[in-house]
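None of the figures in this text is laboratory data; all of them are computed from the coordinates on show. Note that the coordinates shown come from a computational prediction; the quantities given were computed from them, not determined experimentally. Don't worry about glycine lacking a Cβ; one is built from the backbone with ideal geometry, like all the others, and counts go over all protein chains shown.
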Amino acid sequence: MNLFIEPIIADAMPAGWLWELDGWIIAAGVLCAVASSLLGNFLVLRRMSMLGDAVSHAVLPGLAAAFLITGSRHSLPMFLGAAIVGVLTALLTQWVRGFGKVDEGASMGVVFTTLFALGLVMIVRAADSVDLDPGCVLYGAIEFTPLDTLDVLGFDIPRVVVILSVVTLVNLLFVVLLFKELKLASFDPALADSMGIHSNWIHYSLMTLVAITAVASFESVGNILVVAMFVVPASTALMLTDRLPVMIVISAAVAVLSAVIGHWAAITIPNWFGYASSSTAGMMALTTGVLFALAVIFSPKNGLLIMFSRRFQLELGILGDDVLAYLYRLEEKGTAEAITDRQIREELLGSRFAISMVMWWYKLTNQLQGDHTGYRLTDAGRTSAASLVRSHRLWEQYLVDQAGVASDRIHGQAERLEHFTDRKFRDELDRQTSFPSSDPHGSPIPAEQSTEQSIESQKPI
Amino acid sequence: MTAVKTTIALVDMPIVFAMQWNDWSRVFLLQDYNTRVVVLATTLLGLAAGLVGSFTLLRKRALLGDALSHATLPGIGLAFLLAPTWGLDGKSLAVLLSGAAISGLVGTASIIAIRNLTKLKEDAALGIVLSVFFGGGLVVLGIAQQRPEGHAAGLESFIYGKTASIIAQDGWWIAATAGCTIAILSLFYKELKLLCFDEGFASSRGYPIVGLDILLMATVVIVTIVGLQAVGLVLMIALLVIPAAASRFWTSNMRRMTLLSAALGAGSCMAGSLVSALLPDLPSGALIVLVSASAFAFSMFFGQERGVIARYWRRMGMQQRLDRRYLMRGLYELLEPSFAMAATPESGAAATNMWIPTKQLLATRTWPILRFSREINRLKRDGFIRARDGEIALTATGLLEAKRFTREHRLWELYLITHADVAAERVDRDAERIEDCLEPIMIHELESLLNETHTDPRLPVSPHQIELPSTLQASAVPVSNQTKKGAPQ
């Protein structure tokens, strides 16, 4: 890959946006991103995410061999050599893993570093007379895209775009036409085999396409982009959905977005700090990372935010129940004065914020009256509290009566179960324990007060 | 440095002999200052990487070094860019290394966070951190090289390495790192071992799992970063993975494996850099990788514990033991009807005179003829059977052995039927799988469970019908009366 943008780019890309240049760069980025992300879904599902990285390091001997054999840096032999070694990387990894019983990651590490070293030695041998620098010549840079054009049907189209279009089309056809087979072979190879789908063939054609895509991409746009696009869009999509077709569509969309935003950001953001544009491929990779982070945080299904808010909501609901039941029990004992915020905090060990949320909600729904210096149950509040306490004590009775739990161990369990017990459930417990009037500790079981089916609707929030 | 001479074996001989003797001795006696620095530095690095690598390998995180070494790039670039604002020198090694260490640690934290907080697996976490951080690093370096102070000089060596031009300063860094690594790993050896093999047990014993994990990862980060700027990215990955993976073939003892891995790492580095000192136009990093890869290939085939050949022999030995069992029992069961008819069923002399056509025995097994005749020959060699033209008979020792095998098989069959509720027609296969593993104490237990006594000369009757070849069932006469021409129809 080319780390340093050549001066020519500084000339080619002034402050303004030139569609005839930037448009093609974005097109190349989008094509590479989509081609890789289509296959990437299956790599991520098969836990082979690191294959793109391995292939990108390992193709060196293929390039060197092609150069040594043909003696030229013509792109077709180079491409063939690299693609062959790319497939070989996948096969060798598989072989070392199966034959030597080495774990997947380690066998990949052994194979690609060895191939890379082999390539390095071959190149040094070959490059005595010719300029063949592994750092610059073998890996293209996406910024060079508009410079090398082909004449296609009378239009001047960059060679890179033509190549990547073909690769994208092939990958798309592969994924669409063999969708059922790929899906089966990824999730359940044994079932696939038993249904007459050769999961091995599917596997090897996937590996071949991965190698070809990787080689075609980093020959033209640099390797970091393809390594990122194999893993990150698919992982992002996996955070957002559980369905494979949806996942593939989302991953392609993420790929397109990151290519477009990435190029824009590469030109714009360094400007804010007074620098000229930076690496487009790097920025595209970074952008997928940002999109991934957003998906991890905000995914409506598995996102951290929704996970934490669900947990918090549940916590509040349970805390609210406990507050009502606590007040009810105090009333039962004949405590005359109202209960302060502080007493509740000390008794129920809730955080100040959570307790004030709960109190605010109960006052809003008219289940409590008073303020932080002293709270009392309203009639409505007393009704729901009675249902809770009834659930609690019925459970205690049931645990002793029907489940044979020792009476000193029932409180904790009843404490957990009471929050998830509705009217129907209570009636059943009542019936099973032959309509008791007091629990095993001797406290009276309040009469059924709830008029509707569920107490869930009265929980805060 | 006489030990160095032993590494000559790993060197490409013809090339070495083509060299002049004084070139040769100069390199191997480390008379050149540069050679001395390079060889010693890489050897120490190989030692440290081999040590750490064996822990990460056992923790199934072999490619952690890969992800981490890519993840250091943004830190290096940012350190270079931001150092002047704090009045530091952006090109000083200490500043760059601290930047690398910080971003390496952030990368590690991201890997752990992705794995623990999302449903993504380890490999995806590694791939994401690797590519996104490296992409970020490219962006930062793209900016850094626009700075007036040099072409961000030296930053790219973090990626490609500069093994042949390691200077004494790098050497000291490496030595210090190696020392730290050895100290940390030997101090926490027991805890880390537990972490690698049984995380759940370790946490139940009250060990701080997360703390130990971070300690191990931090060691990897330090070794990776120091090695990265000395030898480059790919070589660093190789040093973390290959020696550890190779030493796993030789032993299942963790202490031995760790030491072996360290020795392999050190040895490969020493050999590789010595060869590159002899052949200056070959990159030493690549040579080191190739030397350790050959060590890996050698270990994969010849490793004592898990090597391919060792595993093959072990499997073959097991197969032979089983084959012997199956054939001897088959022979016994073929003879069994004749024993029943003979007047003195258990008299050894009569039994050893009953001849069975070899083909009848072959018919009890669906084996290729080669496997069958090989085992027959082995039985003959060990004196368990006698053979004459197309027929075989048990010897006295063979009879005892065959009886024992049959007895163990049937005991297990009976056990399966009476105590495990397995249908009688299925026990034969199940018993074949286990019978070789039955130890005397197990046999004894089976006997007492099934009320069989060892002193009872009769075998338990087979609980299922034994499929005898049709020829034998038709002619229920003692086989010993058959003449040579009585070949099966």
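Sparsely packed loop sites in the range A:311-408 (the trypsin sites (Lys or Arg not before Pro) outside DSSP H, G, I, E and B with at most 14 other Cβ atoms within 10 Å) comprise A:Lys333.
Listed peptides B:325-336, B:200-211, B:172-183 appear in the order B:325-336, B:172-183, B:200-211 once ranked by packing, highest mean of other Cβ atoms within 10 Å at the front.
Dipole magnitude of chain A about its Cα centre, charges +1 at Lys/Arg Cβ and -1 at Asp/Glu Cβ only, in debye to the nearest 20?
Details: 30 positive and 43 negative charges, 110 e Å.
Charge dipole of chain A: 520 debye, to the nearest 20.
If R0 is 51 Å, the Cβ-Cβ spacing of B:Glu445 and A:Phe308 corresponds to a FRET efficiency of close to 0.35. A protection proxy built from the mean count of other Cβ atoms within 10 Å ranks the segments A:112-120, B:385-393, A:204-212, A:36-44, most packed first, as A:36-44, A:112-120, A:204-212, B:385-393.
Which residues make up the longest stretch of chain A clear of GluC sites (Glu not before Pro) that lie in a DSSP loop with no more than 11 other Cβ atoms within 10 Å, not counting the sites? Write down the numbers at each step before the final one.
Values: sites that count: A:Glu337, A:Glu452.
Longest run free of exposed loop sites: A:1-336.
Sorted by average packing, counted as other Cβ atoms within 10 angstrom per residue and highest first, what order do B:281-290, B:33-42 take? Intermediate results must be reported in sequence, preceding the final value.
Details: B:281-290: 25.2, B:33-42: 21.2.
Output ranking for B:281-290, B:33-42: B:281-290, B:33-42.
Run lengths n ≥ 4 of DSSP H only: what is the helix-derived mean residue ellipticity at 222 nm for chain A, with -39500 (n - 2.57) per run over all residues, to the nearest 500? Walk me through the numbers on the way to the answer.
On the way: 19 runs with 309 residues, N = 461.
Rounded to the nearest 500, it is -22500 deg cm²/dmol.
In chain A, which whole DSSP H runs stretch at least 20 Å along their own axis (Cα) and average -1.0 or higher on the Kyte-Doolittle scale? Membrane-span-like by this rule: A:24-45, A:75-100, A:104-126, A:159-177, A:199-220, A:223-240, A:244-272, A:280-298, A:304-332, A:379-401.
Given their separation in residues at 0.36 nm each and the Cα-Cα distance between them, A:Ile69 and A:Arg159 gain 30.0 nm when the chain is fully extended. Of the residues A:Phe298, A:Phe174, A:Phe353, A:Phe218, the one with the fewest other Cβ atoms within 10 Å heads the list, and the complete ranking is A:Phe353, A:Phe298, A:Phe174, A:Phe218. For B:Lys190, a cut-off of 18 angstrom between C-alpha atoms picks up these aspartates and glutamates, skipping any fewer than 8 places away in its own chain: B:Asp198, B:Glu199, B:Asp213.
When both the range B:80-103 and the range B:250-305 are represented by their alpha-carbon centers, they are found 34 Å apart. In chain A, taking the dipole from charged Cβ atoms about the Cα centre, the farthest positive-side position among A:Pro245, A:Phe99, A:Val111 is held by A:Phe99.
Using a 10 Å cut-off around each Cβ of peptide A:47-59, what is the average number of partner chain Cβ atoms that fall inside? Can you show the working numbers first?
On the way: counts 5, 3, 12, 11, 2, 3, 10, 2, 0, 1, 4, 1, 0.
If you average over the peptide's residues, the count of other-chain Cβ atoms is 4.
Exceedance of the 18 Å cut-off in Cα-Cα distance is limited, within the set A:Lys101/B:Lys193; A:Lys101/B:Lys119; A:Lys301/B:Lys119, to A:Lys101/B:Lys193; A:Lys101/B:Lys119. With neighbours defined as other Cβ atoms within 10 Å of a residue's Cβ, the residues A:Thr70, A:Thr433 order from fewest to most as A:Thr70, A:Thr433.
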